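See below for the structure under consideration.
The values are calculated or read from the model by the stated rules, or taken from the named source; none is laboratory data. Computed from a predicted structure; not experimentally measured. Please note: Cβ atoms are built from the backbone with ideal geometry, for glycine as well, and neighbour counts cover all protein chains shown. Keep in mind that these areas ignore ligands, DNA and RNA; they rest on the heavy atoms of the full protein, side chains included. Shrake-Rupley method; radii C 1.70, N 1.55, O 1.52, S 1.80 Å.
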Amino acid sequence: MAVIEVVKYDGSPDVFAWKFPNSELGTWTQLIVNESQEAILYKGGQALDWFGPGRHTLDTANIPILNNIINLPFGGRSPFTAEIWYINKGNSLDVKWGTPTPIQLQDPKYNIFVPLRAFGQFGIKISDSKLFLQKLVGTMSTFTSADLIKYFRGVYLTKVKDHISGYLIKRKISALEINAYINEISEALKESILPSFSDFGIELVNFYVNDISIPEDDTAVIKLKEALAKKAEMDIIGYSYTQERSFDTLEGAATNEGSGSASIMGAGLGLGMGFGLGGNFGGAFGEMGKNINTNQSEECPHCHKQIGSEYNFCPFCGRDTRVTQNQIICPKCGAGNSSGLKFCGQCGNSLIKTCPKCGEAVDDTKKFCPNCGNSLMKKCSSCGSELEDNLKFCPECGKKVGDDNNS
């Protein structure tokens with residue numbers, strides 16, 4: 001029967017507990033324990049002794065209880081069956097954790113459901129080797145960080161969800177702003193999770209939340225970010241969402257074929273009531289509608305009042321709007337001629353104005369003859385009002401010029 005001479009373990013740092021595979025030992029077996037390790041000798045399910053860093057010889061001097069267990073002497077060396085466990089007592093600070101699926105939470109600021117993912121790392125140290133082996137390791141031959149994460153996943157996921165939700169709801173912050181509170185959340189989570197680890201002989205050295213993220217491809221997140229970008233743009237330019245919608249409605253109504261001021265005013269009133277802005281908003285659009293005219297306007301070249309472009313004669317002064325103020329009207333054919341011409345370009349009639357009394361040539365703009373002082377204005381034969389040359393109707397009585405009127 002083989003008897004083990006040397007027992008030692010040089011394993012990976014992510015292994016927290018490891019059982020020596022051979023249980024056939026003997027007195028004088030050398031047990032080597034490295035720094036940051038602890039070895040425990042089990043016999044029949046009972047922990048006989050604990051061994052710290054260094055070289056230890058398994059004999060009755062070091063383990064008095066073996067006198068009652070080992071009954072068969074073999075030339076001064078007594079073989080016996082026992083288990084040796086190595087416990088990693090060093091700090092393991094790179095245990096990774098994360099949420100396998102997004103946590104669905106309602107954003108208290110924007111009232112939409114957003115999926116959150118969180119991940120980070122924590123550090124542990126085995127504080128009570130016996131308690132750790134009894135309550136957590138059991139009959140397993142190896143216990144690693146992967147086993148630790150698997151066993152405690154339910155604990156930290158519940159705590160993470162609870163604390164993140166609490167920060168969102170109690171502080172009324174958006175899920176997009178939660179990363180500003182990572183340090184506070186990490187400290188709170190450590191204090192909350194620590195008792196759960198202590199019950200199994202594990203000391204929780206630290207617990208860090210490295211990031212709380214929102215999946216970029218989520219539709220709700222995409223819409224929220226687009227809305228926030230639009231709001232930022234409006235804040236920079238200096239207008240509100242209501243104003244933007246008003247502009248869009250008015251622009252659409254104005255470009256509609258056949259739309260006029262009435263339709264635009266109606267659209268504005270409807271928009272105002274739809275946003276619940278009441279009579280003030282509707283009144284503002286009413287005033288706007290009065291001033292909106294989709295037909296083009298122009299200025300009368302004679303009296304300078306605004307008239308519709310469809311008018312050939314001014315409804316205010318009655319003069320031909322197709323003839324500019326600087327043109328000369330032919331008294332025979334009525335055609336407009338540029339100032340300075342002596343004969344009409346249409347019929348050849350003389351455009352030189354002469355005084356009917358003395359025959360002196362006078363400027364077309366003069367109302368009295370500079371030679372004899374005679375009035376050069378026409379007079380209505382009906383009411384006696386003076387008439388300008390290019391008028392076809394008397395502005396006072398409305399009688400047509402030429403019907404028994406003086407020329």
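Residues in segment 91-132 that are of a type in the set (A, V, I, L, M), closer than 27 Å to Trp50 by Cα and at pLDDT 90 or above: Ile124, Ile126, Leu131. Residues of segment 166-175 that are farther than 16 Å from Phe119 by Cα and in contact (Cβ under 8 Å) with a residue 12 or more places away in the chain: Tyr167, Leu168, Ile169, Lys172, Ile173, Ser174. Pairs meeting the criteria (first residue in segment 140-164 and free of Cβ contacts under 8 Å to residues at least 40 places away in the same chain, second residue in a helix (DSSP H, G or I) and of a type in the set (A, V, I, L, M), beta carbons under 6 Å, at least 6 apart or on different chains) are Lys159/Leu189; Lys159/Ile193; His163/Ile185; His163/Ala188; His163/Leu189.
Scoring Lys342 on the criteria (1) under 30 Å from Glu396 (Cα atoms); (2) at pLDDT 75 or above; (3) of a type in the set (Lys, Arg) leaves a single failure, condition (1). Among residues of segment 118-131 that are closer than 19 Å to Ser198 by Cβ and in contact (Cβ under 8 Å) with a residue 24 or more places away in the chain, those with a beta-carbon under 7 Å from a residue that is charged (D, E, K, R) and part of a strand (DSSP E or B) at least six positions away or on a different chain give the pairs Ile124/Glu203; Lys125/Glu203; Ser127/Glu203; Ser129/Glu38.
No other residue among Val137, Val205, Val155 is open to solvent by less than 30 Å² (accessible area, probe 1.4 Å) and not aromatic (Phe, Trp, Tyr) apart from Val137.
Listed here are the residues, each with its yes/no results for (1) assigned to a strand (DSSP E or B); (2) closer than 10 Å to Val7 by Cβ; (3) among the charged types (D, E, K, R).
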site: Asn22; (1), (2), (3): no, yes, no
site: Leu25; (1), (2), (3): yes, yes, no
site: Ile32; (1), (2), (3): yes, yes, no
site: Glu35; (1), (2), (3): no, no, yes
site: Glu38; (1), (2), (3): yes, no, yes
site: Tyr42; (1), (2), (3): yes, no, no
site: Ala47; (1), (2), (3): yes, no, no
site: Trp50; (1), (2), (3): yes, no, no
site: Thr57; (1), (2), (3): yes, no, no
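Once segment 160-192 is narrowed to residues that are in contact with a strand residue (DSSP E or B) (Cβ under 8 Å, 6 or more places away or on another chain) and under 24 Å from Lys225 (Cα atoms), the residue that is surrounded by the most Cβ atoms within 10 Å (Cβ to Cβ) is Ala175. All conditions but one from (1) open to solvent by 90 Å² or more (accessible area, probe 1.4 Å); (2) modelled with pLDDT under 70 apply to Leu387; the one that does not is (1).
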